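Asker: Please read through the structure below; I'll follow up with questions.
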Amino acid sequence: MPRIITVYTTPGCVQCKPTKKWLDDRNIPYTEVKLEESPEDAEAIKALGFKQAPVVIVSTGDPETDIMWSGLVVDNLIKYTHSTKAA
């Protein structure tokens, strides 16, 4: 099943640019959500317990198996984005 990657970002986030660059350099499709433009998403991310950006969510369509983390975590990017396909 294809994985859908969403990267939640904030202005001035030091780890957001390198996370997006890592994905871009590998032509891995993702959707960026700018939290300053989406208060609803910002609240949802806070409700999940995240306090720093970027928040990366890798979804297979089943919320029970979604993988999520915050910050630039290259090991997770390598492990969980290998089987992505364009939506």
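Asker: Work from the charge dipole of the chain (Cβ charges, +1 for Lys and Arg, -1 for Asp and Glu, about the Cα centre) and give the residue of Leu77, Thr9, Gln52 farthest towards its positive end.
Answerer: Leu77
Asker: Work out, step by step, the length gained on full extension between Val14 and His82: first 0.36 nm times the residue separation, then minus their alpha carbon distance; give nm to one decimal.
Answerer: Details: separation 68, 0.36 × 68 = 24.48 nm, distance 2.41 nm.
Extending this stretch completely gives an extra 22.1 nm.
Asker: Shifting gears a bit: In the stretch 34-87, what trypsin sites (Lys or Arg not before Pro) fall in a loop by DSSP, with at most 10 other Cβ atoms inside 10 Å?
Answerer: Lys51, Lys85
Asker: Using a simple spin-label model with points 7 Å from Cα along the Cα→Cβ vector, what separation in nm is obtained for Glu36 and Lys51?
Answerer: The modelled label-to-label distance comes out at 2.2 nm.
Asker: A further question on this structure: Over the alpha carbons of the chain, what is the largest minus smallest coordinate on each principal axis, giving the biggest first in Å?
Answerer: That works out to 29, 28, 21 Å along the principal axes.
Asker: Quote the relative contact order of the chain in percent (integer), defining contacts as alpha-carbon pairs under 8 Å separated by 6+ residues.
Answerer: Working: 129 pairs, mean separation 37.0, N = 87.
Here the relative contact order equals 43 percent.
Rule-based calculations on the coordinates, nothing more; no lab input. On a predicted model such as this, the values are computed, not experimentally measured, just so you know. Counting neighbours? That spans all protein chains shown, and the Cβs are built from the backbone with ideal geometry, glycine included.
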